[in-house]
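The values are calculated or read from the model by the stated rules, or taken from the named source; none is laboratory data. In this text, all values refer to a predicted model and were calculated from it rather than measured experimentally. We place every Cβ from the backbone using ideal geometry, glycine too, and count neighbours over all the protein chains shown. Note: areas computed on protein heavy atoms with side chains; ligands, DNA, RNA excluded. Shrake-Rupley method; radii C 1.70, N 1.55, O 1.52, S 1.80 Å.
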Amino acid sequence: HQNELDWRSVNSVPIESHGQNSVHGVWVHCCRNLRGFRMEPACSMDERLEVETTLVQALESLTGEFCGEYFPLVGSRSYWPKPGGMSQEEEELFDGQGLLFEEPDSQVLLSSGFGRHWPDGRGVFIAGGDSAEQASFSAWINESDHLRISVRQTGADLRTAFERMCRLHGALEAALENMGRSFAHNNRLGFLGTCPAQLGTCMTAGVTLKLPFLSSRSEFRTFARQMKLQVHLSPGLNAGLEHVWEVANLERLGSTEAQQIDTVVEGCRLLLTLEARLERGEDVAFEVPNHSLQNRMRSPEEAMFASMPGLGDDDWPGFPADACPSELPDITEHCSLAANVLRDGVVYASLKGLRTTSGTALARCIKPAMDNKGHPLVQTIGAIAGDAECYELFDSLFAPIIRQCQPSWIPHSVGGGSGSAAPEPGGVKQAALDPEGAHVTFVQVCARRNLFGFHMPPAMSREERREVERLMVDALASWGGEPGTYLPLAGSRSCPSRPEGMSPEEEDELERDGILFEEPDAEVVLSSGAGKNWPDARGVFVSHKRSLAAWVNEEDHVKLISRLPGSDLGASFHALCSAEAALLDSLSERAKTFAWNKRLGFLTSCPSNLGTGLSAEVHVRLPVLCRQSGFQALCQRFGVRAAFLTTSAGSNLSDVLSISNQERLGSSASTQVNRVAKAVREFLALEVRLREGEDIDLLAVPEATDAVSEKKPSGGDDETKEATASVTLQKPAAAAVASLGAKKSSSSRTAVTTQIRKKDVRMAQDALRKANDSGRLFAVLQSMAEDGVNTDEATKCSPSVAS
């Protein structure tokens, strides 16, 4: 049995719609027994009194809203501060509020031994107010179990009541642990209670609601049981109210507390929907929806990921994500842009106690840098934003990082972002880059966006991620763009229309088309929080024509993808602009918009994507040009990034390169797309001249008129899984890869291999400096790996590169 006393895992959908007044109240009860004592039917008088003493001591140690007072039953002489028990007035008050339990009167209970030694060792703890009417919780001691804690409140917010129960339960467990005690529990049966029907969660969560029309139907009780609910007419508390029912979870073993709360919420929502239809005179069918509550356990996929660090409910082990330690840990040997900023301790000291309005702490933002040492040759960014406000509140951290990622950006400048709240297609011509189709095989333009007012994926809770998914799916379903279908990732159970996620056939098809994203496997991404609760509330929207797609809740809330065969990059960009405009219109109808500001443009979880959030990519064959000395320097001058494409195994390099924009901040989206198009056209012309035998000095090729000055790669490649940890080659390493031609690659690899076998790291790095570009550097690393060499000593590179 799996327990999950975490309110953050509960769906935040309300029980009743606005304007309904059918719900009178909600409650959550949990029964517990202390490990090491016999349970109520079998315990001795001494055991019962020791249980009372232990539990009262634990309860009285609680503070804040859980601070309260213990009242022994009338006539109990076991609690020395109140030797006669509670007064008659207190008994009448608590009884009138439903907070009192009485002696058993059925022969079944009496014969079990529940009533022995009555009323000694028994009582009620009341907390949260001066009167029972204001109680935040109550606790029965030695009734049918050692302890029953109850949370009640008016209204329909069962999730909030469960949240209070979770916090109370955690506080009680901590208090008992300090006393060397704990609740009885085992992995097979969960929490252990006297009644076998309570095993598992030992929790009852219920809603009191009025159902006059539905309850009059003969199918009512059977239908409730099909939804794993139990229903009873409400007793004395609602005397005088007709047709008021208590609806609660039926099962306790085989599903978690959070799942049982969801069962009650979704079941009550359906009951109220049917009640409203019957009240209007409509006919209703008593059918449990396929996505309903017949199976609330984790999917096999989610259960598998739950055991993997960084992909389950908990953060990646290591540096805390919720609050910074008072002292900066030793990061002397850590190599990342964030570590460079934090190393002297000044920025850390000034920011460590700050939180954004929505609660994101500095700890969340810098956890990747703290958990991952990195390597001087392959530096990660090491920082993520948990929400939009992070970039303002933690500016002294992010500004230096952004400067290194995107050198064209001027700190604190206004208008240094994308230039407008949405890309304008007018400045980009629709024309084929390669009319004959001999070199360009594919074009794609992507844009990353986040909804304003929500945490970004690395810092999102489960319910917030589900709410973003719901908003995006609704917006995409009703937008004016190209129609399509939303396919949740396999194993995601958050989407009512597809409760099991996409099918294996759909998954294979998306993977073949290159529009499926998978769980992160790099430690630097896992430590950021981007993989939590995988695969819940994540999926792919794909148009029927397969030319448009949208990734939901990957690294950002949505990644729009416009992809076309052929070479018309402008057409792909125009399609993306139209799709984004349609999506914005649909979101605006729901009073939502994208996070954006004038200083940084579109706000993304990774600083390398700030600005336009755009990646314009062209796949092109350049077998001769790519092997020329100075090719990477040429790419730098044209403001683009070139990377070799690999097979799915990642071992065989081809002559096809991905050419994409290097900067995203400091220029407009149309400028960035035009820059890629201009670079590809120039590269194709140079390829033709080289094939014809012309000797060309690439260093003498005129610089693009709008190209940026030479700078370090930003490491924010939008198409790598590790965008949060995008690779940034430092100047020594970038210069180190400046001269390897096709004829030199084999000998360079041999030299590197030999030196690494000798464990001479410094000499190995010198050899790597003779490689030409990052593509050749990767080829060297792959060759070494194929030769059985442990490359970690020389590179300490990211998992995807090492593989």
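Before moving on, here are some points about what is shown:
- In this structure Thr63 has an accessible area near 110 Å², from a 1.4 Å probe over the protein heavy atoms.
- Residues whose amide H comes within less than 5 Å of that of Gly601, counting only those at least five positions distant or on another chain, are Gly417, Ser418 (H built at 1.01 Å from N in the peptide plane).
- Rounded to the nearest 20, the Cβ-based charge dipole of the range 372-500 about its Cα centre (Lys and Arg +1, Asp and Glu -1) stands at 300 debye.
- Length gained on full extension, Met179 to Glu89: 29.0 nm, using 0.36 nm per residue less the C-alpha separation.
- Normalised by the number of residues in the range 545-692, the average gap of Cα pairs under 8 Å and 6 or more apart makes the relative contact order 20 percent.
- The residues of the range 44-176 expose, per residue, 45 Å² of accessible area to a 1.4 Å probe.
- Across the protein chains, with a 1.4 Å probe defining accessible surface, the residues Lys210, Lys82, Lys559 rank Lys210, Lys82, Lys559 from largest area downward.
- Most to least accessible of Ser586, Ser547 (protein chains only, probe 1.4 Å): Ser547, Ser586
- Percent accessible area from carbon and sulfur atoms, the range 334-473, protein chains only, probe 1.4 Å: 57 percent
- With all protein chains modelled, accessible area of Arg466 [1.4 Å, Å²]: 40 Å²
- Here the 3J(HN,Hα) profile of the range 157-174, calculated from phi with Karplus coefficients 6.51, -1.76 and 1.60 at θ = phi - 60°, is 8, 5, 4, 5, 4, 5, 4, 5, 4, 4, 5, 5, 4, x, 5, 5, 4, 5 Hz, Gly and Pro shown as x.
- Listed residue (Gly254, Gly318, Leu278) projecting farthest to the positive dipole end of the range 242-382, Cβ model: Gly318
- You can think of it this way: the chain between Asp344 and Arg546 has 67.7 nm of extra reach, that is 0.36 nm per residue less the Cα-Cα gap.
- Portion, in percent, of the accessible area of the range 151-232 that falls on carbon or sulfur, probe 1.4 Å: 47 percent
- In the assembled protein chains, Met456 presents an accessible area of approximately 0 Å² (probe radius 1.4 Å).
- Descending principal axes extents, the range 445-504, alpha-carbon based, whole Å: 30, 28, 21
- For the range 555-632, the residue among Phe602, Ser629, Val558 whose Cα projects farthest onto the positive side of the dipole built from Cβ charges is Ser629.
- Cβ charges +1 (Lys, Arg) and -1 (Asp, Glu), total dipole of the range 162-283, debye: 220 debye
- Estimated inter-spin distance, Asp283 and Arg116, nm [label 7 Å along Cα→Cβ]: 6.0 nm
- Residues in the range 530-592 average 27 Å² of solvent-accessible surface per residue, probe 1.4 Å, ligands and nucleic acids excluded.
- Share of carbon and sulfur in the accessible heavy-atom surface of the range 4-128 [1.4 Å probe, %]: 51 percent
- Placing +1 on the Cβ of every Lys and Arg and -1 on the Cβ of every Asp and Glu, with nothing else charged, gives the range 113-203 a dipole about its Cα centre of roughly 240 debye.
- Residues Leu564, Leu569, ordered by accessible area of protein heavy atoms at a 1.4 angstrom probe radius and largest first, appear as Leu564, Leu569.
- Beyond 23 Å, the tail of the calculated P(r) for the range 558-671 holds 42 percent of the Cα pairs.
- On the principal axes of its alpha-carbon atoms, the range 464-576 has extents of 38, 32, 27 Å, going from largest to smallest.
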